[in-house]
Amino acid sequence: MTVLKPGLKLKSAVCDTQLIVIRAPGGDIDLRCGGAAMLAGDAVAPPDAAVASDQAGGTLVGKRYTDAAEKIELLCTKAGKGSLMADGEALAIKTAKALPSSD
Amino acid sequence: MNIVTLLEMAAEVFPDRIAVTDGARTLSYAGLLQAAQAAGQAIRASGAGYVSLLDIGSLAAPVALYGAAYARLPYAPLNYRLAKAEIEALIERVTPAYLIAGSEFSDPLTLGDGVSLIGREAFLTFDPPAEPLSGSDEPRDVAVQLFTSGTTGQPKAAILRHGNLTAYILGAVEFGSAEEDEATLVSVPPYHIAGISAVLSSTYAGGAWCCSAISSRRAGSNWRRRSA
């Protein structure tokens, strides 16, 4: 469990993924990459950690990842093999929203 | 998020791509990162409170922007077209200053004790630090301080924080969206917001940033002649 704060840098325990928190709600969030909890700061991954086979969708550098409600937003700064999940919900690449009609 | 994160991402993914050129020389993204780190260390050692640039666009401009962020100081580029007394008054407002300048702009000035002056060429010659520097994690820290033109009184200082600039870039630019052979020809001066956002946008897009060969004080008319 981690309290996410904008600007916080996190890395995956099981792949090369690195990200920065852009937006986050208050409180503890169980943020996982490749099935394992993500690490902040200088935390070291357990040596036998591996990407879970059902959590191997991968991350893409420069993409922003968000939950369905768009409460959490993360920027991937280094790509990896694991998928991102927050409190059990898979995070997806944020897509541009159509602008509302102006007339 | 800090503006140096934009550069670090580009240097990680496209280390060998051309980041900036002045027509004769180039810096790759890895080279720009190294130059910014080296500049950041030199700026930190100077004891200055601001990093200022009094110059036309050159390789030194992006190095100064990112170097200031590594030094964790505001970057305050100045309008070299102002009168001598106006430039001196602005420099006083950013003293103690680390001032990067072309000699044609700094030679006529009388500078106070708190100004560390360095030429635009000498600024690019530092050795990188033994341990990499990091930018601040505080998005409220000031990244850039721009002065308004002063047409309605004393120039006012407009504050742009790391969070402001990175939010703008993330919302407006797709990472790595530039083709490897794509370049942005920048004709706006480095002290204008368009000159700042051009550097940041080009970095995040992974394209090349070309500073135009404008050297006249009457840059606008000169530029039109060159491009005609």
Net charge dipole size for chain B [Lys, Arg +1 and Asp, Glu -1 on Cβ; Debye, nearest 20]: 900
Partners for A:Lys81 among aspartates and glutamates (Cα-Cα distance below 20 Å; same-chain residues under 8 apart left out): A:Asp16, A:Asp30, A:Asp48, A:Asp54, A:Asp67, A:Glu73, A:Glu89, B:Glu12
CD proxy at 222 nm, helix term only [per DSSP H run n ≥ 4: -39500 (n - 2.57); per residue of the protein assembly as shown; nearest 500]: -8000 deg cm²/dmol
Hull volume in cubic angstrom per residue (convex hull over the Cα atoms of chain A): 104
Spatial extent of the protein assembly as shown: Rg and Dmax, with the Cα atoms as the point set, Å: 21.5, 68
Hits among lysines - C-alpha to C-alpha of B:Lys84 under 19 Å, sequence gap 8 or more where chains match: B:Lys156
Buried accessible area, chains A and B (both chains, 1.4 Å probe, Å² to nearest 100): 1000
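The values are calculated or read from the model by the stated rules, or taken from the named source; none is laboratory data. Source: prediction; values computed, not measured. Methodologically, a virtual Cβ is constructed for each residue, glycine included, from the backbone with ideal geometry; neighbour enumeration extends over all protein chains shown. The protein model used for the area step is the full one, side chains on, heavy atoms only, and it has no ligands, DNA or RNA in it. Shrake-Rupley method; radii C 1.70, N 1.55, O 1.52, S 1.80 Å.
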